[in-house]
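Inspection log for the structure reproduced underneath, given as structure tokens.
The values are calculated or read from the model by the stated rules, or taken from the named source; none is laboratory data. Quantities reported herein were computed from a predicted structural model and do not represent experimental measurements. Every residue, glycine as well, gets a Cβ built from its backbone with ideal geometry; the counts of neighbours run over all protein chains shown. Each accessible area value is taken on the protein alone, full model and side chains, heavy atoms only, with ligands, DNA and RNA left out. Shrake-Rupley method; radii C 1.70, N 1.55, O 1.52, S 1.80 Å.
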Amino acid sequence: MSTLLVSTCPGPPVCRAVHTYLFVDGLDVIARSDDRMAGLGPDLLLRPGGPLCPTDAPREVEVAAEAGPEPGPDRLTVRIRLRGGTVVWSGLAYPGPGGDPVEEIRFPLTQYLAEIERAGAATREGPANSPPGSPG
């Protein structure tokens, strides 16, 4: 089982726009999947009942767009589904810690939902509530 950590970048002057980081077991999934991408805004990804919330029916979720002055046409998607007490992300292809490709990630439902809620609340309350050592 993996661990999810969500953080956000505050936007200008640090970055061009506010965006979300998705760390799995300490690795930035978006940057490792496609370094041209930046996570979508937390207002989209981290809202209550938002796209990262798992459901029994699998669904494709856009988590990042091509970075630039304006978001490009390319998108990074993840297939998210709920299997019992486990959240499963699939449709990925990024190098894991040992260089082997990671194509599926499993999270304990309780930790996953708590992290989405914590990150969403921190975003709504301001950057002072980001986890220690997180970018942004």
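Under the convention that each Lys and Arg Cβ holds +1 and each Asp and Glu Cβ holds -1, the size of the dipole of the stretch 44-100 around its Cα centre is about 320 debye. By its C-alpha gyration tensor, with a ≥ b ≥ c as the square roots of the eigenvalues, how is the stretch 1-129 shaped: rounded for a/c under 1.5, else prolate for a/b larger than b/c, else oblate? Oblate, since a/c reaches 1.5 and b/c is not below a/b.
Tell me the mean residue ellipticity at 222 nm calculated for the chain from its helices only (DSSP H runs of n ≥ 4, each -39500 (n - 2.57), averaged over every residue, nearest 500). It would help to have the intermediate numbers written out before the result.
Numbers: 3 runs with 26 residues, N = 136.
That calculation yields -5500 deg cm²/dmol at 222 nm.
Note on THR86/ASP43: beta-carbon distance plugged into 1/(1 + (r/R0)^6) with R0 of 25 Å gives a FRET efficiency of 0.35.
Extension gain for CYS15-ASP34 works out to 5.1 nm (0.36 nm per residue, less the C-alpha to C-alpha distance). For the chain, with all protein chains in place and a probe radius of 1.4 Å, 55% of the accessible heavy-atom surface sits on carbon or sulfur. Taken about its Cα centre, the chain carries a charge dipole of about 280 debye when Lys and Arg each add +1 at the Cβ and Asp and Glu each add -1 at the Cβ.
Hey, can you find the accessible area per residue of the chain for me, probe 1.4 Å, expressed in square angstrom? Let's see the in-between values first.
Working: 7020 Å² over 136 residues.
Result: 52 Å² of accessible area for each residue.
I want the antiparallel fraction of DSSP beta bridges within the chain, as a percent rounded to 5. Display every interim value, and only then the final one.
Values: 29 of 29 bridges.
Around 100 percent antiparallel, to the nearest 5.
Cα-based values for the stretch 25-90, radius of gyration first and Dmax second, are 12.6, 41 Å. Residue-wise HN-Hα couplings along the stretch 26-41, as the Karplus relation 6.51 cos²θ - 1.76 cosθ + 1.60 with θ = phi - 60° gives them from phi, are x, 9, 6, 4, 5, 5, 6, 6, 6, 5, 7, 9, 10, x, 5, x Hz; Gly and Pro carry x.
In sequence order, the stretch 47-54 has phi-based couplings of 6, x, x, x, x, 7, 6, x Hz under the Karplus curve 6.51 cos²θ - 1.76 cosθ + 1.60, θ = phi - 60°, and Gly or Pro positions carry x.
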